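Student: Before anything else, here's the structure in question.
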Amino acid sequence: MDLFLDQFFNLDVMARALPFLLQGLWMTAKICAAVILLGLVGGFFLALGCLSPRRWLRWPAVVVTDFFRALPPLVLLIFVYSGLPFAGIQVSPFAAVVIAFFLNNSSYYGEVYRAGIESIPRGQWEAARSTGLTQAQTIGYVILPQAVRNVLPDLLSNTIEVVKLTSLASVVSLGELLYSANMARSLTYNASPIMLAALIYLVLLWPLVRLVSRFQRGLAA
Amino acid sequence: MSDRPMLEIAALQKRFGETEVLRDINLRVGQGELVFVIGPSGSGKSTMLRCCNRLEEPSGGAIMIDGRNICAGTTRDLNRMRLQVGMVFQGFNLYPHLSVLKNITLAQRKALKRDRAEAEAKAMEMLGRVGLAHKAQAWPAELSGGQQQRVAIARALALDPKVMLFDEPTSALDPELVGSVLKVMKDLRDEGMTMLVVSHEMGFAREAADRVVFMDGGVVVEEGTPEEVFGAPKTERARAFLSRVS
Ligand SMILES: Nc1ncnc2c1ncn2[C@@H]1O[C@H](COP(=O)(O)OP(=O)(O)OP(=O)(O)O)[C@@H](O)[C@H]1O
Ligand SMILES: [Mg+2]
């Protein structure tokens, strides 16, 4: 038992690893911020494309959305980081992670937006257009606020997925939370830093997961 | 005023793919006139109204509002034209995420570029006209159907339209709420608004309509004063329809 505590919950090791892990957490936060913001914007335009009556817009948007949802994000990441150099395109680990997860995540956000926009009755569009609002104004002031409210739990779930996804960045040696924890483990010959990282993920995400459940129950009621 | 019609529909056609919904509609609504449209389900009444602000794109013909052909022109002209044509829907279509006041100020501010104080003053004036000034801060979901429809009318009126289109404005209402909406429409008429109304409220038509138009199968079958059309329909189709609804 002591051996177990010593290997997995060694407070001394954890204390020494903590500054290192906090640096990793900072990197994780930066990746999340970039991927979530870019994904929310990219997803919005993908959704508009998927819903467009113009075939030359809709068709590529649907293909892109399907493609990046079908492709495993780890494959995409390794391709961007290690595959593209064969085409003479070399990007930093951070850029590779942001590009790969932006593409993956835009597609998921896009599907959420699309469902949200489709949940708004046609009468809302017609009322807005009949009062002289432009298409963009109709989307911005009438459709999107209602659509986002309708799919808030799904947007939030997807955002939680993004945070978890960032741990994959460790495979391209980007010093985010998991990578830092693993480094600390190999330096200390002790698994406690990994446990600490897991704990940090849990503390951050648990409240969000709870929130999603609350929302979903609220919507059902 | 002048003889020139405020709304003129000339040889209007509308097809959805192969189906011809409007064949050859000709209709003139003079300034300050209330024209009342009846006809069986599927005869194209809604489609005709929706062509009048190009929510549906006509397949042929012309629609003139105050002498200007609305089927010609750029997207920008289209948005400006729509400001001149108010539309009231069967399902009210208020914006549920905005207060009553914001429902009425949104298009004033974004499409007409009125400033906030002006838009709110106008909204309050219109709410007063439909008897709902005390509901300015309410949410649409807190209102009865009749109140929602009156807010929708105020929302359209706030843009100072030249013509108002009504597509079955009372069909979704409980019977006891119909009267309040019809009263607002009657007042509007008395103030000189040009109105094209699709409805089944024959009593209202007798009382308030200048002319009644009977549509069937995508054409205007019969047209006349309420006394003429209701009292002595000339065509067999109108007779059959009126005997069914009254
Ligand atoms: N977007 C559309 N695509 C295809 N057909 C349509 C479309 N809109 C309307 N139609 C058809 O056009 C015809 C006329 O419809 P419209 O809604 O104008 O009739 P209406 O006279 O308003 O009927 P109601 O009294 O039931 O409201 C119907 O047969 C309908 O099925
Ligand atoms: Mg109809």
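The values are calculated or read from the model by the stated rules, or taken from the named source; none is laboratory data. All values derive from a computational prediction rather than experimental measurement. Neighbour counts are summed over all protein chains in view; Cβ atoms, including those assigned to glycine, are modelled from backbone coordinates with ideal geometry. Heads up: the accessible areas ignore ligands, DNA and RNA and are worked out on the full protein's heavy atoms, side chains in. Shrake-Rupley method; radii C 1.70, N 1.55, O 1.52, S 1.80 Å.
Student: Below 12 angstrom from the Cβ of residue B:66, what's the summed charge of the other residues (Lys, Arg +1; Asp, Glu -1)? Display every interim value, and only then the final one.
Tutor: Values: positive: B:4, B:68, B:162; negative: B:8.
For residues surrounding residue B:66, the net value is +2.
Student: Using a 1.4 angstrom probe and counting only protein chains, how large is the accessible area of residue B:66 in Å², to 10?
Tutor: Accessible area, nearest 10 Å²: 40 Å².
Student: Still on this model: Of the GluC sites (Glu not before Pro) in region B:122-217, which ones lie in a loop per DSSP and count no more than 16 other C-beta atoms within 10 Å?
Tutor: In loop regions of region B:122-217 (DSSP not H, G, I, E or B), the sparsely surrounded GluC sites (Glu not before Pro) are B:191.
Student: Would you mind counting up the charge near residue B:212? Only other residues with Cβ under 15 Å from its Cβ, with Lys and Arg at +1 and Asp and Glu at -1. Intermediate values should be presented prior to the final figure.
Tutor: Working: positive: B:28, B:45, B:189, B:206, B:211, B:234, B:237, B:239; negative: B:33, B:201, B:207, B:210, B:216, B:222, B:223, B:227, B:228.
In short, -1.
Student: Roll a 1.4 Å probe over the protein heavy atoms and report the accessible area of residue A:37 in Å², nearest 10.
Tutor: Ignoring ligands and nucleic acids, residue A:37 comes out at about 120 Å².
Student: Of all accessible surface on region A:2-220 at a 1.4 Å probe, what whole percent is carbon and sulfur? Before the final figure, lay out the partial values.
Tutor: On the way: 8090 of 11560 Å².
Summing carbon and sulfur atoms, their accessible area is 70 percent of the total for region A:2-220.
Student: Pairs A:30/A:164; B:162/B:186; B:102/B:162; B:122/B:162; B:14/B:45: which exceed 19 Å Cα-Cα? Numbers along the way, then the final one.
Tutor: Details: A:30/A:164 14 Å; B:162/B:186 16 Å; B:102/B:162 22 Å; B:122/B:162 16 Å; B:14/B:45 12 Å.
Violating the 19 Å limit, Cα to Cα: B:102/B:162.
Student: Given the alpha-carbon gyration tensor of region A:29-136, what are the semi-axes of its equivalent ellipsoid in whole angstrom, ordered largest first, with each equal to the square root of 5 times an eigenvalue?
Tutor: Numbers: eigenvalues 214, 42, 26 Å².
Output for region A:29-136: semi-axes of 33, 14, 11 Å.
Student: I'd like the chymotrypsin sites (Phe, Trp or Tyr not before Pro) in region A:129-199 restricted to DSSP loop residues with at most 10 other Cβ atoms within 10 Å, sorted by number.
Tutor: A:189
Student: Principal axis extents for chain B, Cα atoms only, whole Å, descending order, please.
Tutor: 53, 44, 39
Student: I need the trypsin sites (Lys or Arg not before Pro) found in region A:76-164, filtered to DSSP loop residues with at most 11 other beta carbons within 10 Å of theirs. It would help to have the intermediate numbers written out before the result.
Tutor: Details: sites: A:114, A:122, A:129, A:149, A:164; in loops: none.
Here no trypsin sites (Lys or Arg not before Pro) fit, given the DSSP loop and packing criteria.
Student: Still on this model: Any idea what the relative contact order of chain A is, in percent, if you count C-alpha pairs under 8 Å spaced at least 6 apart?
Tutor: Reported relative contact order: 32 percent.
Student: Could you compute how fast region A:117-162 diffuses translationally, taking Rh as the Kirkwood radius over C-alpha pairs and applying Stokes-Einstein at 25 °C with viscosity 0.890 mPa s? Give it in µm² per second. Let's see the in-between values first.
Tutor: Working: Rh = 11.4 Å.
After rounding, the answer is 215 µm²/s.
Student: Kindly sort A:6, B:216 by accessible area of their heavy atoms, largest first, with the probe set to 1.4 Å. Could the numbers behind the result be given before it?
Tutor: Details: A:6 75, B:216 35 Å².
Highest to lowest solvent-accessible surface, that is A:6, B:216.
Student: Still on this structure, I have one more. Sort A:125, A:59, B:139 from largest to smallest accessible area, using a 1.4 Å probe on the heavy atoms of the protein chains.
Tutor: A:59, B:139, A:125
Student: So if the hydrodynamic radius of region B:1-145 is defined as the Kirkwood radius over C-alpha pairs, what does Stokes-Einstein give as its diffusion coefficient at 4 °C and 1.567 mPa s, in µm² per second?
Tutor: On the way: Rh = 17.4 Å.
Translational diffusion coefficient: 75 µm²/s.
Student: Can you give the local net charge around residue A:69? Use residues other than it whose beta-carbon is closer than 15 angstrom to its beta-carbon, Lys and Arg +1, Asp and Glu -1. Working shown, then result.
Tutor: On the way: positive: A:114; negative: A:66, A:111, A:154, A:161.
Charge balance in the 15 Å sphere: -3.
Student: To continue, here is another question. Considering only protein heavy atoms, with the full assembly of protein chains and a 1.4 angstrom probe, order B:235, B:74 by accessible area, largest first.
Tutor: On the way: B:235 40, B:74 80 Å².
Largest to smallest exposure gives the sequence B:74, B:235.
Student: What share of the DSSP beta bridges in the protein assembly as shown is antiparallel, in percent to the nearest 5?
Tutor: Restricted to the protein assembly as shown, the bridges split so that about 55 percent are antiparallel.
Student: Follow-up. Residue separation times 0.36 nm, minus the C-alpha to C-alpha distance between residue A:213 and residue A:90: what's the value? Write down the numbers at each step before the final one.
Tutor: Details: separation 123, 0.36 × 123 = 44.28 nm, distance 4.17 nm.
Length gained, residue A:213 through residue A:90: 40.1 nm.
Student: Jot down the per residue volume, in cubic angstrom and as a whole number, of the convex hull over the alpha-carbon atoms of the protein assembly as shown. If you can, show how the numbers build up before the last one.
Tutor: Values: hull volume 95.8 nm³, N = 467.
For the protein assembly as shown, the hull spanned by Cα atoms encloses 205 Å³ per residue.
Student: First obtain the Kirkwood hydrodynamic radius of region A:1-77 from its Cα pairs, then insert it into the Stokes-Einstein equation at 10 °C and 1.306 mPa s, and state the resulting D in µm² per second as a whole number. Walk me through the numbers on the way to the answer.
Tutor: Numbers: Rh = 16.3 Å.
Answer from the Stokes-Einstein relation: 97 µm²/s.
Student: From the square roots a ≥ b ≥ c of the eigenvalues of the alpha-carbon gyration tensor of chain A, which class results: rounded (a/c under 1.5), prolate (a/b over b/c), or oblate?
Tutor: Values: a/c = 3.32, a/b = 1.76, b/c = 1.88.
Cα axes put chain A in the oblate bin.
Student: Kindly provide the helix-only [θ] at 222 nm of chain A, computed as the sum of -39,500 (n - 2.57) over DSSP H runs of four or more divided by all residues, to the nearest 500 deg cm²/dmol?
Tutor: Working: 10 runs with 167 residues, N = 221.
Calculated mean residue ellipticity at 222 nm is -25500 deg cm²/dmol.
Student: So how much accessible area does residue B:64 have, in Å² to the nearest 10, using a 1.4 Å probe?
Tutor: Approximately 60 Å² of residue B:64 is accessible to the 1.4 Å probe.
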